[in-house]
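Take this structure first; my questions come after.
The values are calculated or read from the model by the stated rules, or taken from the named source; none is laboratory data. The model shown is predicted, which means the values in this text are computed figures rather than measured ones. Glycine also receives a Cβ, built like all others from the backbone with ideal geometry; neighbour counts cover every protein chain displayed. Remember, those area values only see protein heavy atoms, side chains included, never the ligands or the DNA or RNA. Shrake-Rupley method; radii C 1.70, N 1.55, O 1.52, S 1.80 Å.
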Amino acid sequence: MTKLAQWLWALALLGSAWAALTVGALGLELPSPCREVLWPLPAYLLVAAGCYALGTVGYRVATFHDCEDAALELQNQIQEARADLARRGLRF
Amino acid sequence: MASMEAGVTPAKSRREPEGRPSARDKYSVLLPTYNERENLPLIVWLLVKCFSESGFNYEIIIIDDGSPDGTRDVAEQLEKIYGSDKILLRPREKKLGLGTAYIHGMKHATGNYIIIMDADLSHHPKFIPEFIRKQKESNFDIVSGTRYKGNGGVYGWDLKRKIISRGANFVTQILLRPGASDLTGSFRLYKKEVLQKLIEKCVSKGYVFQMEMIIRARQLNYTIGEVPISFVDRVYGESKLGGNEIVSFLKGLLTLFATT
Ligand SMILES: Nc1nc2c(ncn2[C@@H]2O[C@H](COP(=O)(O)OP(=O)(O)OP(=O)(O)O)[C@@H](O)[C@H]2O)c(=O)[nH]1
Ligand SMILES: [Mg+2]
């Protein structure tokens, strides 16, 4: 099964469970406070997922390592390499 | 599901004995170049230094695609300096793209391991011994460098590029669950037969090619190890990937999402 198919299956499954419970199909009558919570649940989940995504990406951007040391080390090695290669007769 | 699609599991069936003498292993480094006149001597120097210090058996295969800046001339000089058993020139007449450059280079590789890296100094050879150690640790089929884990990171990226990179990575992880943290990086070590098999399977180009390699690897039940790397943005020369990078990345991502 492709990843797309997996997503569609999962969404269809969750979606139909939600629909069945909110409209009270299959003789499943939930008490009305429950139904009131259930009805806007997909919207809440969507917002929560969005917040999670933004939060995670934001955190990862903020904690993305800046490799200053690596850049400095490379600069020094470039000087060294240039000198050594010139000594071996490389014409740049 | 992946194992069903793969049918047979090629990698697992021929486990090599652990602790094999490394004298029998040879590492072929593939360096595709296009207009890397300034970078090529530096990266080769660093590679030679790294391999002579660590003592692994190696060869460097330079695949230049007829760069107009004279990369080939520098490559020939390097071949003279370091010897044609260490530096192998396998140029092509014109720019034919990265994916085919790897295939072309691999045809001439004599090592049993292949290391793929960029020639623009973004990938530092000092990580290669770590790749090799990691590979030996669990006999991994692939070891991938990662900018997104542990001590990995980048240098020279502005905020916008960081956001795009992290955002793209997040979406990819959610949609594809690839089992590796850095999909678009191209600093990797492969067992030769694994790379051969993967390249046969891969159809996409550019960034997406690197991504597809990992996805296919997972489908074929190959094992992937990861080593954190620092990625230093190129100092010399120009990036070859144009402005429509993001569009082609998204296209590739969705294609993989719908087809794998
Ligand atoms: N042989 C060959 N090499 C190429 C070709 N395109 C790119 N390369 C090389 O592949 C490596 C990666 O290309 P880059 O232009 O650095 O791409 P990138 O790393 O995604 O982009 P930047 O590092 O941001 O510039 C470099 O060593 C290039 O010289 C090509 O068509 N043929
Ligand atoms: Mg680069």
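Please count how many residues of region B:130-160 are open to solvent by 60 Å² or more (accessible area, probe 1.4 Å), at the interface with another protein chain (Cβ under 8 Å from one of its Cβ atoms) and touching an Asp or Glu at 6+ places or on another chain (Cβ under 8 Å). If you could, list the steps in order and put the result at the bottom.
Start the filter on region B:130-160 by keeping residues that are open to solvent by 60 Å² or more (accessible area, probe 1.4 Å), which leaves B:130, B:133, B:136-137, B:149-151, B:155, B:158-160.
Within this subset, residues satisfying the condition of being at the interface with another protein chain (Cβ under 8 Å from one of its Cβ atoms) are B:151, B:155, B:159.
Narrowing the set further to residues that are touching an Asp or Glu at 6+ places or on another chain (Cβ under 8 Å) leaves B:155.
Number satisfying all stated conditions: 1.
Looking only at region B:45-63, filter to residues that are over 16 Å from the mean Cα position of the chain (by Cα) and closer than 23 Å to residue B:238 by Cβ; which one of those is nearest to ligand 2 (Cβ to nearest atom)?
So the residue we want is B:46.
Still on this structure, I have one more. Has region A:8-17 got any residue that is within 28 Å of residue B:258 (Cβ to Cβ), in a helix (DSSP H, G or I) and more than 24 Å from the chain's Cα centre (by Cα)? Outline the logic, then answer.
Initially, region A:8-17 is screened for residues within 28 Å of residue B:258 (Cβ to Cβ), giving A:8-17.
Remaining after also requiring in a helix (DSSP H, G or I): A:8-17.
If we keep only those that are more than 24 Å from the chain's Cα centre (by Cα) as well, we get A:16-17.
Yes, some residue in region A:8-17 is within 28 Å of residue B:258 (Cβ to Cβ), in a helix (DSSP H, G or I) and more than 24 Å from the chain's Cα centre (by Cα).
Let me ask something additional. Starting from residues that are within 16 Å of ligand 2 (Cβ to nearest atom) and surrounded by fewer than 20 Cβ atoms within 10 Å (Cβ to Cβ), keep the ones in region B:76-102 and report whichever is nearest to residue B:200 (Cα to Cα).
B:97
Name the single residue that is nearest to residue B:198 (Cα to Cα) among those in region B:125-146 being assigned to a loop (DSSP other than H, G, I, E, B) and touching a strand residue (DSSP E or B) at 6+ places or on another chain (Cβ under 7 Å).
B:141
Residues that are touching a helix residue (DSSP H, G or I) at 6+ places or on another chain (Cβ under 8 Å) and within 12 Å of chain B (Cβ to nearest Cβ): does region A:35-55 have at least one?
Yes, there is a match, as at least one residue in region A:35-55 is touching a helix residue (DSSP H, G or I) at 6+ places or on another chain (Cβ under 8 Å) and within 12 Å of chain B (Cβ to nearest Cβ).
While we're on this one: Could you check region B:49-95 and list, in sequence order, the residues that are within 16 Å of ligand 1 (Cβ to nearest atom) and either aromatic (Phe, Trp, Tyr) or at positive phi (or both)?
Within region B:49-95, B:66, B:70 meet the criteria.
Tell me which of these residue A:1 doesn't satisfy, since it passes every other one: (1) modelled with pLDDT of 90 or more; (2) at the interface with chain B (Cβ under 8 Å from one of its Cβ atoms); (3) open to solvent by 80 Å² or more (accessible area, probe 1.4 Å).
(1)
Kindly indicate which of A:90, A:28, A:21 is open to solvent by less than 60 Å² (accessible area, probe 1.4 Å), away from chain B (no Cβ under 14 Å), over 30 Å from residue B:159 (Cβ atoms) and not aromatic (Phe, Trp, Tyr).
A:21
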